[in-house]
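Data first, discussion second: the structure below is written as structure tokens.
The values are calculated or read from the model by the stated rules, or taken from the named source; none is laboratory data. Nothing here was measured: the structure is a model prediction, and the numbers come from that model. In this analysis, Cβ positions are derived from the backbone assuming ideal geometry, glycine residues included, and neighbour counts consider all displayed protein chains. Protein only, heavy atoms only, side chains kept; ligands, DNA and RNA dropped before computing areas. Shrake-Rupley method; radii C 1.70, N 1.55, O 1.52, S 1.80 Å.
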Amino acid sequence: MTDLAFRSAGQLAAAVAAKEVSSVELLDHYLDRVERLDPKVNAIVARDEEGARAAALEADRTVSRGEPLGRLHGVPVTIKDSLEVAGMRTTGGSARWGEHVSTSDAESVARLKNEGAIVFGKSNMPPDARDWQTYNEVYGTTNNPWDPTRGPGGSSGGSAAALAAGLTGLELGGDSAGSIRVPAHFCGVYGLRTSFGIVPRYGSVSGHAPGTLADFDMAVLGPLGRHADDLDLGLDILAGADHDRAPAWRLELPAARSATLRGFRVAAWLEDPFCPVDGELVAIMRATVEAVRAEGAVVVEGRGPVGLEETMALYEPLLMAQSGLVEPDESYAGLVDLAAAEGAAGGFASDLTVSFREWHALDERRQHSRRRWSEFFRDVDVLLCPVTPTAAFPHDQQPDPTWSVRTLRVDGADRPYRDMLTWMAPSAVNHLPAAVAPVGTTRDGLPVGIQVIAPYLNDRTAVRFVRCLADVIGGFRRPPGF
């Protein structure tokens, strides 16, 4: 049964459909692993065992009756605590919403359930999804399964840690500043930042009050899994018009640009003096690029069409402008004031408050940047680049509202903590999909991921590339002790 816990979500659904294992047995297996192993990790912070067991029993009855089954039928899954699950506590990692119990499912959660997923728990996250570490005063600290002295990343840190430890079948997280990609990299699992706007975000409690209806610029939801196939399956289930647009809109994502590595045109941007990357990570990524080249792919090396410095100058004020923590009844002026305060708390300059007119000017610059990326992707199918400058770093919970104290260790030198943001920016600000795949481990045994950025709405291209990559260099590895 231990190996069963580490199968892909699709394989688990197939096992339930074939009666190799019942949904109840699978749920019990994961719950047993949570009881035995999660105390070392603290990834799953809320559970609904009674509701999950009832759903699993009904899933097994459905199999026995020979009725049609969903693509996740009977598969136990967990959900990042920023997303509402009916009947469960949803805190967003914040004491402000610490007693909030959801009365309905987030639209994305409903899509997983409609395909037969059994939601049995919520995974931990930092307060309001605002850190690349995962700890909060509600649920405490989540550890990295590969090394408990280090964090699992954030903000979907509990999601990635639960997957790596074999505590869940699939996860759902969010990303506006690397919140899917960083944890996938730190924990050695797969994650997909989807193209902006293709997965409904209603029901997200991430830096704003439950029930908020307004969308947030650059923020997306996407799947995390132990296998590249999980990204493909998650994308199929999650992507589509939201409730209001569904009567008229249909989403048909283009097929992957190639089915094999040999057919891909690949750009590699592995280093940049604006944001140095630890040499050990660069070496692992270079070996990955050479493996891709050896399979016959056309590989060119160089930076993307818009440099990191220019990208950050655009990304930071746009990120700050959409990150205010507001109640639904606050005025626009209140939003601006609070966004400025939160921007300062996030490490951005305190004078980055933007007016509505200034935001539109920034957005115009962003549209020109997007055009340049679109032109770049006429000749290139995917861009490979780092996820962050380092592998998972030690827990650092010193109070530091301006990020001026925290640092990253890169090739023996201290770098600003905010460097964690830089390699996240090109995908986020330009609304591009980006998959992260595990490609090796450091000398200290820490996972290393690589970021695969694809053209807008070409999510299947990024996913197909990481699936092909796994065939060549291998994929997920189980952490020792799990």
Legend entry - First in the range 413-424 and over 16 Å from THR311 (Cβ atoms), second anywhere and among the small types (Gly, Ala, Ser) and not in a helix (DSSP H, G or I), Cβ under 9 Å, 6 or more apart: PRO416/GLY347; PRO416/SER404; TYR417/GLY347; TYR417/SER404
Inset, instruction - Filter the range 136-172 down to residues that are over 16 Å from VAL205 (Cα atoms), of a type outside the set (Val, Ile, Thr) and assigned to a strand (DSSP E or B), then give me how many there are. - result: 5
Legend entry - Entirely in the range 375-482, the strands (runs of 3 or more DSSP E) that have 2 or more residues that are over 15 Å from TRP132 (Cβ atoms) and of a type in the set (Gly, Ala, Ser): 434-441
Legend entry - Search result, residues across the range 215-241 that are at pLDDT below 90 and open to solvent by less than 70 Å² (accessible area, probe 1.4 Å): PHE216, ASP217
Inset, instruction - Hey, can you tell me all the residues within the range 260-274 that are open to solvent by 60 Å² or more (accessible area, probe 1.4 Å) and either in a helix (DSSP H, G or I) or under 22 Å from LEU231 (Cβ atoms) (or both)? - result: THR260, ARG262, ARG265
Legend entry - Among (1) β-branched (Val, Ile, Thr); (2) part of a helix (DSSP H, G or I); (3) open to solvent by less than 20 Å² (accessible area, probe 1.4 Å) - the single one VAL277 does not satisfy: (2)
Inset, instruction - Would you point out which residue out of ALA160, ALA177 is under 12 Å from the mean Cα position of the chain (by Cα) and open to solvent by 10 Å² or more (accessible area, probe 1.4 Å)? - result: ALA177
Inset, instruction - Go through (1) open to solvent by 30 Å² or more (accessible area, probe 1.4 Å); (2) not in a loop (DSSP other than H, G, I, E, B) one by one and return the number of the condition ALA248 breaks. - result: (2)
Legend entry - Inter-residue pairs, beta-carbon under 6 Å, first within 20 Å of GLY296 (Cβ to Cβ) and in the range 246-258, second open to solvent by less than 80 Å² (accessible area, probe 1.4 Å) and in a loop (DSSP other than H, G, I, E, B), 6+ apart: ARG257/ASP381; SER258/PHE264
Inset, instruction - Can you tell me which residue within the range 77-113, out of those that are part of a strand (DSSP E or B) and of a type outside the set (A, V, I, L, M), is surrounded by the fewest Cβ atoms within 10 Å (Cβ to Cβ)? - result: ARG89
Legend entry - Qualifying positions in the range 448-481 - open to solvent by 10 Å² or more (accessible area, probe 1.4 Å), in contact with a helix residue (DSSP H, G or I) (Cβ under 6 Å, 6 or more places away or on another chain) and farther than 30 Å from ARG371 by Cβ: ALA470, VAL472, ILE473
Legend entry - Any pair with Cβ under 6 angstrom, 6 or more apart, that starts in the range 59-84 at a residue that is more than 25 Å from SER104 (Cβ to Cβ) and of a type outside the set (S, T, N, Q) and ends at one that is open to solvent by less than 20 Å² (accessible area, probe 1.4 Å) and assigned to a helix (DSSP H, G or I): ASP60/SER23
